[in-house]
Amino acid sequence: MTAERLIIPYQTHSCNVMIIDESFLQLSCDARHAMLQEKDAVITNIPNVCLCVSTADCVPVFLYDSVREVVAAVHAGWRGTVEKIVAHTLQVMCEHYGTQMGDVYAAIGPCISLEAFEVGIEVYEAFEQAGFDMEQIAHWHPEKEKYHIDLPAANRLQLLAEGVPLAQIHDSAICTYTQHEDFFSARRLDIRSGRILNGIVIKK
């Protein structure tokens, strides 16, 4: 696969979703670069185009419409998760391609786990105000007097709420923080740590 077929958005923890179509692929490198700014999810139905997101504790979520052959790659940090970027991406797939949620398969890639993701009260309150079921995604540590948030669970709840069947959601259950020797973790290794490049492609 050539570099031109790798689509790597310039992520900013936004809720912005972009469709990659044939007209995008015909653009110059500079024009592509400009259009991919501030995008945290990309969608396509074009074969042999690899949609990528880079992570180092944030949640990579991959979506596949098995009937219409549409794929999406989503970067869901805690801010994007609060903004429900996964749900928004599914809605764009539905509106643009006619995706039905019962046809969607989802995968949650390596990311920080509940046990490792300690947060301040402002993060807890952001999730609470966004309507998340805190009993399912948060745990209070009395010794540290801190909450921990389960980012994979928060994204799984979005998938379920949109109608993706539980049996069609796969969670890698890999914690980047505790397995930092194999996976990059910005929280464990510093913000200058490397990044995992995650990708999904329709092979033809």
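Values for this structure:
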| read-out | value |
| --- | --- |
| Residues satisfying the stated conditions in the range 41-78, i.e. of a type in the set (D, E, K, R) and over 20 Å from Asp171 (Cα atoms) | Arg68, Glu69 |
| Filter result for the condition that a residue is among the charged types (D, E, K, R), surrounded by fewer than 16 Cβ atoms within 10 Å (Cβ to Cβ) and under 20 Å from the mean Cα position of the chain (by Cα), over Asp190, Asp182 | Asp182 |
| Selection status of Ala126, modelled with pLDDT of 95 or more, surrounded by 14 or more Cβ atoms within 10 Å (Cβ to Cβ), small (Gly, Ala, Ser) and over 17 Å from the mean Cα position of the chain (by Cα) | yes |
| Options Ala106, Ala116, Ala154; residue that is within 19 Å of His75 (Cβ to Cβ), in contact with a Leu (Cβ under 7 Å, 6 or more places away or on another chain) and of a type in the set (A, V, I, L, M, F, W, C) | Ala106 |
| Members of the range 78-88 that are in a helix (DSSP H, G or I) and farther than 18 Å from Leu166 by Cα | Trp78, Arg79, Gly80, Thr81, Val82, Ile85, His88 |
| Matching strands (runs of 3 or more DSSP E) fully within the range 92-204 where at least 2 residues are of a type outside the set (Ser, Thr, Tyr), under 28 Å from Ile19 (Cα atoms) and in contact (Cβ under 8 Å) with a residue 60 or more places away in the chain | 104-108, 169-171, 196-200 |
| Residue match in the range 6-20 (condition: assigned to a loop (DSSP other than H, G, I, E, B) and at positive phi) | yes |
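This table checks each residue for (1) outside any loop (DSSP other than H, G, I, E, B); (2) surrounded by 18 or more Cβ atoms within 10 Å (Cβ to Cβ); (3) touching a residue at least 60 places away in the same chain (Cβ under 8 Å); (4) on the phi < 0 side of the Ramachandran plot.
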| residue | (1), (2), (3), (4) |
| --- | --- |
| Leu27 | no, no, no, yes |
| Arg32 | yes, no, no, yes |
| Pro47 | no, no, yes, yes |
| Val53 | yes, yes, yes, yes |
| Phe62 | yes, yes, yes, yes |
| Ala73 | yes, yes, yes, yes |
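For every residue, the table says whether it meets (1) closer than 25 Å to Phe184 by Cα; (2) at pLDDT 95 or above.
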{"residue": "Ala3", "(1), (2)": "yes, no"}
{"residue": "Ile7", "(1), (2)": "yes, yes"}
{"residue": "Asn16", "(1), (2)": "yes, yes"}
{"residue": "Cys29", "(1), (2)": "no, no"}
{"residue": "Leu36", "(1), (2)": "yes, yes"}
{"residue": "Thr44", "(1), (2)": "no, yes"}
{"residue": "Leu51", "(1), (2)": "yes, yes"}
{"residue": "Phe62", "(1), (2)": "yes, yes"}
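The values are calculated or read from the model by the stated rules, or taken from the named source; none is laboratory data. These numbers were taken from a predicted model, which means no experiment stands behind them. Positions of Cβ are generated from backbone atoms using ideal geometry, with glycine treated the same way; all protein chains shown enter the neighbour counts.
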